[in-house]
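Following: one structure in structure tokens, then a few remarks.
Computed from the coordinates by the stated procedures, all read-outs in this text should not be read as laboratory data. The shown structure was predicted, so the numbers you read here are calculated from the model rather than taken from an experiment. Neighbour counts run over all protein chains shown; Cβ positions are idealised from the backbone, glycine included.
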Amino acid sequence: MKLIKEVALTMALTSGALAGVAVAATPVATSPIALQMYTLRNVGTLDQQLALAERTGYTAVELVGTQGVGSEELNALLSTHHLTVTSAHVQLDVLRHQLAEAIAFNRAVGNRVLVVPYLKPDERPTDIAGWQKLGKELDALGARLRRDGMKLAYHNHDFEMKKYAGKTGYEWLVDTTQPQNLRLEIDAAWVSRGGQDPERLIKRYADRLFALHAKDNAGIGVRDDEANFAPLGEGLLAWQQIIAAAQKTGKPLYIVEHDLPKDPAAIITVAKQNLQHDLKQ
């Protein structure tokens, strides 16, 4: 908490000097840290959101759909702010019914990884057969995307952690697919909220781990106005252990995210600093 306040104060003092000034930065394609743009959805225009990502030291972002713009406009903004795209969250309904358009857009912005971000309530299986059916659908979709030079990944929340016959819905789904057809973007905070151990899933699916969503959970009564989420390293999860397990899998991406940040600039700055520290351990 102290570190967040210090960062917020520093950014407040320097924001005037940075306003309107292009910060020279060269995108580092090999950087293991990116930013999920959902975190910045309430920060002004898309240009202002990307400017904040650049100003806080990020060189890569994960998109939310098309970010509400065409590929040409997005490419221009990404270039202005020295950012590259690691992946994009694309709703299952879009993948089912507008796949060609999604492929074309993402190719145009240099992205090759499409991530199923969330299952709407009416899309969520309620038994083993349902999870396996969805797994088969995603396996076929992933195979199709591979033929087009793309990859499919899946991002979890907590509802996939419900158990059926001693095994989570998440595992029933994933075990129905082939590793080459479905990669995983494990959200450790949501895994924990679902009552499961993120380290266990990371180790179990080491050959599939594309990325980890890097955020933390706060305790009961803490950060109630931020959906009880915290920046990585400032909450309840044992991130040093989680990172140690993940680094043994082939060194995935770490994508900083916060679902409801009061101060997005401070949150993403602190999360990045803590993540960089833990990655050096």
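Dividing the Cα radius of gyration of the range 172-281 by its Kirkwood radius returns 0.98 for Rg/Rh. Extension gain for Tyr38 to Asp148 (0.36 nm times residue separation, less C-alpha to C-alpha distance): 36.9 nm.
Between Ala129 and Arg204, the contour length at 0.36 nm per residue exceeds the alpha carbon distance by 24.8 nm. Evaluated over the Cα positions of the range 132-173, the convex hull gives a direction-averaged projected area, one quarter of its surface, of 3.0 nm². Ranking of Glu234, Glu226, Glu62 by neighbouring Cβ atoms within 10 Å, starting from the fewest: Glu226, Glu234, Glu62. Eigenvalues of the alpha-carbon gyration tensor of the range 31-279, scaled by 5 and square-rooted, set the equivalent ellipsoid semi-axes at 26, 24, 16 angstrom, largest first. With all projection directions averaged, the alpha carbon convex hull of the range 24-121 covers 6.4 nm².
Dividing the mean sequence gap of close Cα pairs (under 8 Å, 6+ apart) by how many residues the range 31-279 holds gives a relative contact order of 18 percent. Just to confirm the number: angle between the C-alpha axis of helix 264-279 and the first principal axis of the chain, 0 to 90 degrees, nearest 10? Here the helix axis deviates by roughly 70 degrees.
Place a +1 charge on the Cβ of each Lys and Arg in the chain and a -1 charge on the Cβ of each Asp and Glu, then give the dipole magnitude about the Cα centre in debye, rounded to the nearest 20. Walk me through the numbers on the way to the answer.
Details: 31 positive and 32 negative charges, 157 e Å.
Rounded to the nearest 20 debye, it is 760 debye.
Principal semi-axes of the equivalent ellipsoid, √(5λ) from the alpha carbon gyration tensor of the range 53-170, are 30, 16, 11 Å from largest down.
Roughly how many whole Å is it from the C-alpha centroid of the range 41-73 to that of the range 219-272? Taking the Cα centre of each part, the range 41-73 and the range 219-272 sit 20 Å apart.
Axis of helix 2-18 versus longest Cα principal axis of the chain: the two differ by about 60°, to the nearest ten degrees. For Ala60, the residues 5 or more places off, or on other chains, whose built amide H falls under 5 Å of its own are Leu35, Thr84. Counting only Cα atoms, the size of the range 109-164 along its three principal axes is 37, 19, 18 Å, in decreasing order. Remark: the Arg193-Arg107 segment gains 27.5 nm on full extension, using 0.36 nm per residue and subtracting the alpha carbon distance. With kT/(6 pi eta Rh) evaluated at 10 °C and eta = 1.306 mPa s, and Rh the Kirkwood radius from Cα pairs, the range 103-244 diffuses with a coefficient of 99 µm²/s according to Stokes-Einstein. Taking other C-beta atoms within 10 Å as the exposure proxy, Arg208, Arg41 rank Arg41, Arg208 from fewest upward. The order of Phe210, Phe159, going from fewest to most other C-beta atoms within 10 Å of their C-beta, is Phe159, Phe210. Relative to the longest principal axis of the Cα atoms of the chain, the long axis of helix 128-147 makes an angle of roughly 60 degrees. Dividing the summed helix terms, -39500 (n - 2.57) for each DSSP H run of n ≥ 4, by the number of residues in the chain produces a 222 nm estimate of -12500 deg cm²/dmol to the nearest 500.
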